[in-house]
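Quick notes on the structure that follows.
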Amino acid sequence: MDNRPIGVFDSGVGGLTVVSALLQNIPGETIYYVGDTARVPYGNKSQERIQQYSKEIVDWLIQKDCKMIIIACNTASSLAIDYLKSKFPLPIIGVIDPGVDKALSVTKSQTIGIIGTHATIQSDSYGNRLKSINPKIKILNKACPLFVPLVEEGLVEGEIPNLIVESYLSDFKNKDVDTVILGCTHYPILRKPIKYILGEGINLVDSGEATAEVVLESLNEHKILSDSLGGKLHFFVTDSIKSFKKTIIKSFSPSIGIIAGPIKRIDLH
Ligand code: DGL
């Protein structure tokens, strides 16, 4: 048993979709969530920069005595997980491998669409992992950079998101894609317009949800599960508390029920 917190980080507010899944799977764990709101977005930055930012956050979380790190950001998982694992000895879990395993378990057509930020798509992290497990799998990749601002503006259903989703994902139609990996933290909030365009039958794989299941297994495996009945959720941001709270209230509370709890501002330097 280990009642120390789990450190979770993202470039900003999007990792709350992962937190929401964690709260359901491991309600007894205390979570320290860091949103690097001063330096978001990560999705258009270089690998070197993303590694540096991620390392600074993990250093901070380790100083706060975290027992495990969850990279609740697809971009940082794609570009920094190996680097972080080489620097820090504690368990570190990213969202890519769980998302891939889930997608492979549900696809029947063996044709998978992957959507994410430019950096995630360029890294080919999902594609490489999929191919390493099943070389025959067919993959269609698409960066969807406008999805993040749509979600942050609360534009998650109706004509505008439908049109934007259509413009990015029309390529997936008639290509036998039966499964799409939502390879960015914000995208699960856009389930409705994505299903509207690709059809109700499409499997949408939320990497955050898949990750939450793996986290429970890993806590058990390392014998560090908390024995508390109710964990606490603490938010830390690197920029304005007010705008972080506003985005939660506008976009994330209505979709995934996350409440803007106690938030502190931190400095990573
Ligand atoms: N959290 C990022 C991700 O999952 C999206 C936002 C950003 O570009 O930083 O890739």
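The values are calculated or read from the model by the stated rules, or taken from the named source; none is laboratory data. These numbers come from a predicted model, not from an experiment. Quick reminder, even Gly has a Cβ in these numbers, built from the backbone with ideal geometry, and neighbours come from all protein chains shown. Note: areas computed on protein heavy atoms with side chains; ligands, DNA, RNA excluded. Shrake-Rupley method; radii C 1.70, N 1.55, O 1.52, S 1.80 Å.
Quick one: in region 68-91, of everything that is among the hydrophobic types (A, V, I, L, M, F, W, C) and within 9 Å of the ligand (Cβ to nearest atom), which residue is nearest to residue 211 (Cα to Cα)? Steps first, answer last, please.
Quick first cut of region 68-91, residues among the hydrophobic types (A, V, I, L, M, F, W, C) only: 68-73, 76, 79-81, 84, 88, 90.
Of the ones still in play, those that are also within 9 Å of the ligand (Cβ to nearest atom) are 72-73, 76.
Working: 72: 9, 73: 11, 76: 14 Å.
For region 68-91, the residue satisfying everything is 72.
If only one of 52, 24 is more than 14 Å from the ligand (Cβ to nearest atom) and within 15 Å of residue 77 (Cα to Cα), which one is it? Break it down stepwise before answering.
Details: 24 fails: within 15 Å of residue 77 (Cα to Cα).
From the options 52, 24, the qualifying one is 52.
Looking at this structure, is residue 217 among the charged types (D, E, K, R) and assigned to a loop (DSSP other than H, G, I, E, B)?
Working: among the charged types (D, E, K, R): yes; assigned to a loop (DSSP other than H, G, I, E, B): no.
In short, no.
Between a first residue in region 206-230 that is over 13 Å from residue 24 (Cα atoms) and a second residue that is polar (S, T, N, Q) and open to solvent by 50 Å² or more (accessible area, probe 1.4 Å), which pairs have beta carbons less than 8 Å apart while being 6 or more apart in sequence or on different chains?
What qualifies is 226/3; 227/3; 228/3.
Among the residues of region 146-181, which ones are part of a loop (DSSP other than H, G, I, E, B), within 22 Å of residue 249 (Cα to Cα) and of a type outside the set (D, E, K, R)?
Restricting attention to region 146-181, the residues satisfying the condition of being part of a loop (DSSP other than H, G, I, E, B) are 146, 153-158, 173-178.
Narrowing the set further to residues that are within 22 Å of residue 249 (Cα to Cα) leaves 146, 153-158.
Within region 146-181, 146, 154, 155, 156, 158 qualify.
Considering region 122-159 alone, what residues qualify as being in contact with a strand residue (DSSP E or B) (Cβ under 7 Å, 6 or more places away or on another chain), among the aliphatic types (A, V, I, L, M) and open to solvent by 30 Å² or more (accessible area, probe 1.4 Å)?
Step one: of region 122-159, the residues in contact with a strand residue (DSSP E or B) (Cβ under 7 Å, 6 or more places away or on another chain) are 126-127, 130, 137-144.
With among the aliphatic types (A, V, I, L, M) added as a condition, the list becomes 130, 137, 139-140, 143.
Of everything in region 122-159, those that are in contact with a strand residue (DSSP E or B) (Cβ under 7 Å, 6 or more places away or on another chain), among the aliphatic types (A, V, I, L, M) and open to solvent by 30 Å² or more (accessible area, probe 1.4 Å) turn out to be 139, 140.
Please determine, by comparing only the residues of region 213-243 that are touching a helix residue (DSSP H, G or I) at 6+ places or on another chain (Cβ under 7 Å) and of a type in the set (Val, Ile, Thr), which one is most open to solvent (accessible area, probe 1.4 Å).
214
Pairs needed: first member in region 182-199, more than 18 Å from residue 43 (Cα to Cα) and part of a helix (DSSP H, G or I); second member anywhere, of a type in the set (S, T, N, Q) and more than 16 Å from the ligand (Cβ to nearest atom); C-beta distance under 8 Å; at least 6 residues apart or different chains.
Every condition considered, the pairs that remain are 193/162; 196/162; 197/162; 197/170.
What number of residues in region 235-246 are at pLDDT below 95 and closer than 18 Å to residue 18 by Cα?
Qualifying residue count for the region: 2.
Can we say residue 114 is within 15 Å of the ligand (Cβ to nearest atom), at pLDDT 95 or above and open to solvent by 20 Å² or more (accessible area, probe 1.4 Å)? Can you show your working first?
Numbers: within 15 Å of the ligand (Cβ to nearest atom): yes; at pLDDT 95 or above: yes; open to solvent by 20 Å² or more (accessible area, probe 1.4 Å): no.
Answer is no for this residue.
Going by the structure shown, is residue 19 in contact with a strand residue (DSSP E or B) (Cβ under 9 Å, 6 or more places away or on another chain), within 14 Å of the ligand (Cβ to nearest atom) and over 17 Å from residue 230 (Cα atoms)?
Working: in contact with a strand residue (DSSP E or B) (Cβ under 9 Å, 6 or more places away or on another chain): yes; within 14 Å of the ligand (Cβ to nearest atom): yes; over 17 Å from residue 230 (Cα atoms): no.
So residue 19 fails the test.
Mind listing whichever residues of region 179-220 are away from the ligand (no atom under 16 Å from the Cβ), closer than 17 Å to residue 18 by Cα and β-branched (Val, Ile, Thr)?
Keep residues of region 179-220 that are away from the ligand (no atom under 16 Å from the Cβ), which gives 179, 192-193, 195-203, 213-220.
Pick out the ones that are also closer than 17 Å to residue 18 by Cα and you get 213-219.
Selection gives 214, 215.
Where in region 1-116 are there helices (runs of 4 or more DSSP H), lying wholly inside it, with at least 1 residues that are in contact with a helix residue (DSSP H, G or I) (Cβ under 7 Å, 6 or more places away or on another chain) and more than 28 Å from residue 251 (Cα to Cα)? Steps first, answer last, please.
Details: elements: 16-25, 47-63, 74-87, 96-106.
Output list reads 47-63, 74-87, 96-106.
Which one of 34, 40 is open to solvent by 40 Å² or more (accessible area, probe 1.4 Å) and touching an Asp or Glu at 6+ places or on another chain (Cβ under 9 Å)? Even if it seems obvious, please write down each step before you answer.
Details: 34 fails: open to solvent by 40 Å² or more (accessible area, probe 1.4 Å).
Going through 34, 40 in turn, just one is open to solvent by 40 Å² or more (accessible area, probe 1.4 Å) and touching an Asp or Glu at 6+ places or on another chain (Cβ under 9 Å): 40.
Scan 65, 59 and give me the residue that is surrounded by fewer than 16 Cβ atoms within 10 Å (Cβ to Cβ) and either at positive phi or within 16 Å of the ligand (Cβ to nearest atom) (or both). Please lay out each step first, then the result.
Values: 59 fails: either at positive phi or within 16 Å of the ligand (Cβ to nearest atom) (or both).
Unique residue meeting the criteria: 65.
Against the definition (without any contact (Cβ under 8 Å) to a residue 40 or more places away in the chain, more than 12 Å from the ligand (Cβ to nearest atom), among the small types (Gly, Ala, Ser) and open to solvent by 20 Å² or more (accessible area, probe 1.4 Å)), how does residue 109 come out, yes or no?
On the way: without any contact (Cβ under 8 Å) to a residue 40 or more places away in the chain: no; more than 12 Å from the ligand (Cβ to nearest atom): yes; among the small types (Gly, Ala, Ser): yes; open to solvent by 20 Å² or more (accessible area, probe 1.4 Å): yes.
Answer is no for this residue.
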